[in-house]
1. Looking for whichever is within 16 Å of the ligand (Cβ to nearest atom), part of a loop (DSSP other than H, G, I, E, B) and touching a residue at least 60 places away in the same chain (Cβ under 8 Å) here; the options are 212, 203. Which one fits?
2. Quickly run through segment 36-54 and pick out the residues that are of a type outside the set (Gly, Ala, Ser) and within 12 Å of the chain's Cα centre (by Cα).
3. Of the residues 475, 410, 487, 471, only one is closer than 30 Å to residue 317 by Cβ and either surrounded by 17 or more Cβ atoms within 10 Å (Cβ to Cβ) or modelled with pLDDT of 95 or more (or both); which?
4. Kindly check whether there is at least one residue in segment 17-37 that is closer than 19 Å to residue 125 by Cβ, assigned to a helix (DSSP H, G or I) and not aromatic (Phe, Trp, Tyr).
5. Quick one: in segment 222-235, of everything that is within 30 Å of residue 26 (Cβ to Cβ) and out of contact with any strand residue (DSSP E or B) (no Cβ under 6 Å at 6 or more places or on another chain), which residue is nearest to the ligand (Cβ to nearest atom)?
6. Checking residue 321 against (1) crowded, with 19+ Cβ neighbours inside 10 Å; (2) free of Cβ contacts under 8 Å to residues at least 40 places away in the same chain, only one condition comes out false. Which one?
7. Could you grab me the full set of residues in segment 47-105 that are crowded, with 16+ Cβ neighbours inside 10 Å, charged (D, E, K, R) and out of contact with any helix residue (DSSP H, G or I) (no Cβ under 8 Å at 6 or more places or on another chain)?
8. Quick check, is residue 219 hydroxyl-bearing (Ser, Thr, Tyr), assigned to a helix (DSSP H, G or I) and either more than 33 Å from the chain's Cα centre (by Cα) or more than 16 Å from the ligand (Cβ to nearest atom) (or both)?
Amino acid sequence: MTDWVSQLADDVIAEAERRAPGKTIVCASGLSPSGPIHLGNLREVMTPHLVADEIRRRGLDCVHLLSWDDYDRFRKVPVGIPEEWAEHIGKPLTSVPAPPGSAYPNWAEHFKTPMISALARLGVTYRGISQTKQYTSGVYREQILHAMRERDRIDEVLSRFRTKAKPKAKDADEAAALEGSGAAEEEAGYYPYKPYCALCGRDLTTVTGYDDETTELAYTCACGYGETVRLATHDRGKLVWKVDWPMRWAYEGVVFEPSGVDHTSPGSSFEVGGHLVGEVFGGQQPIGPRYAFVGISGMAKMSSSKGGVPTAADALEIMEAPLLRWMYARRKPAQSFKVAFDQEIQRLYDEWDALERKVADGTALPADLTVHARSVRTAEGPLESTRRRVPYRMLASIADVTTGDEEQTLRILRELDPADPVTDLESVRPRLDRAQRWVSTQVPAEQRTSVLAEPDADLLAGLGDEQRESLRLLLEGLDEHWSLEGLTALVYGVPKLQAGLPAEAKATPELKAAQREFFVLLYTLLVGRDTGPRLPTLLLAVGADRVRKLLGA
Ligand SMILES: [Zn+2]
């Protein structure tokens, strides 16, 4: 069965065989730890991960390189960070102090670390490469000297894509980091290497001269400092981005690397890199799809205040890893989708559970089976999963009513299905923890349920005969029907009984209206509102004794 992952794996294997027969196949991703690494960036990693994993499942040697672009410049001070961080603009991300209160040694580590732990939980195996480490240890020495020798050729390639408009002054530093100092300026020489200033640490530098023979490079900085260094021994600087990327394609022999839709524009780093990698570095551009945007539905303000963009770690707090993998595996890279933080997550989980049932009983379609297999395990083994799959919406309702009380939670879970009771909370974890976390962080206060402490005496006193009778019938059947299935039959059955209908009667508009009215009465007496979690769940959660008390027994 072929899905998009298998098809890409076929392409990558064929291409690798053509380029470097018998060698380890190289897939790559790049992440910039310049801020929270959100769920859209996760696609940058998941796409090659799934392809590399498929290649490994076929028994071939394949590595997934994850390049941390932590030697890139700090571009701007994000909202919520003290203004004094502005003095660090232009420094490598690993030289900028972490946000206030962080336990990490620098800005890059602060944003990298949660992503590393999220990737581990997602079963993503990769070889991480810190570009700070690479550049500062001289790994790219030959490539840098080569690029400097070839600077005119690089300038010529870049000039084919340059627009006439000069960058605005405030973007000039950005533009220089992208293309190089002297780019698009007739009078100055072009250099694809940008030193970080030895005095202030920033990249507000301009290369003023370079000697290919001695590798002596002179630069000045906006801070007033200037010096001449020998590039053959200098390790405080980097190739500008548009040259850096294709250099690494060639250096690492990358066969597959996807890129975001923003790379489709003419003159994008990916397009320009495609020319530079061959014309300058003697390598080839990787094959790789453009991946579309990943959106979010309903992120609560509480969490989004951390920067407005949920990360993989945020998503893993409210959903299990296989579910998150499934979302990325089932859509082709070109399709955009949303990760649900709102009520939609319950529907998503229902869909996932339905798929798992089909997989278990052998009725899943081949395509669904393939995507399911990619979600629950990797070539290295199975991911953590919940043994006993109580529906997420049920666990959320229980978490809502019990506010996480363990004893109460276990009692309710035990009573759900007396024929096959849940006997310990471990069997419903980690799904239970995710549902509890979702309720406590994502469900707005006005949608939370709080069971009344005392019966609503006024309401009870004012009930009509028919309403009293409905409550009597419910209370009478309570013990006998005390299970999820039993209570479902009971709450729908009481209005049927009152209408003189048999239990198996089909719903008519009149019956539906009577049931709705009955449910509103129950909700009002139990939680003081006219809606709430599904009634059978709510009744189980409240407990028989308290139900009797609140319904005036
Ligand atoms: Zn300086």
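The values are calculated or read from the model by the stated rules, or taken from the named source; none is laboratory data. Bear in mind the structure is a predicted one, so any value in this text is a computation, not a measurement. In this analysis, Cβ positions are derived from the backbone assuming ideal geometry, glycine residues included, and neighbour counts consider all displayed protein chains.
1. Numbers: 212 fails: within 16 Å of the ligand (Cβ to nearest atom).
Exactly one of 212, 203 is within 16 Å of the ligand (Cβ to nearest atom), part of a loop (DSSP other than H, G, I, E, B) and touching a residue at least 60 places away in the same chain (Cβ under 8 Å), namely 203.
2. Filtering segment 36-54 down to residues of a type outside the set (Gly, Ala, Ser) leaves 36-39, 41-51, 53-54.
Correct list: 36, 37, 38, 39, 41, 42, 43, 44, 45, 46.
3. Working: 475 fails: closer than 30 Å to residue 317 by Cβ; 487 fails: closer than 30 Å to residue 317 by Cβ; 471 fails: closer than 30 Å to residue 317 by Cβ.
Testing whether each residue is closer than 30 Å to residue 317 by Cβ and either surrounded by 17 or more Cβ atoms within 10 Å (Cβ to Cβ) or modelled with pLDDT of 95 or more (or both) leaves just 410.
4. Looking for residues that are closer than 19 Å to residue 125 by Cβ, assigned to a helix (DSSP H, G or I) and not aromatic (Phe, Trp, Tyr), one finds none in segment 17-37, hence no.
5. In the first step, residues of segment 222-235 are kept if they are within 30 Å of residue 26 (Cβ to Cβ); the result is 231-235.
Restricting the remaining residues to those that are out of contact with any strand residue (DSSP E or B) (no Cβ under 6 Å at 6 or more places or on another chain) gives 232-235.
On the way: 232: 22, 233: 20, 234: 15, 235: 17 Å.
Filtering segment 222-235 for residues that are within 30 Å of residue 26 (Cβ to Cβ) and out of contact with any strand residue (DSSP E or B) (no Cβ under 6 Å at 6 or more places or on another chain), the one nearest to the ligand (Cβ to nearest atom) comes out as 234.
6. (2)
7. 56, 57, 91, listed by residue number.
8. Working: hydroxyl-bearing (Ser, Thr, Tyr): yes; assigned to a helix (DSSP H, G or I): no; either more than 33 Å from the chain's Cα centre (by Cα) or more than 16 Å from the ligand (Cβ to nearest atom) (or both): yes.
So residue 219 does not fit the description; no.
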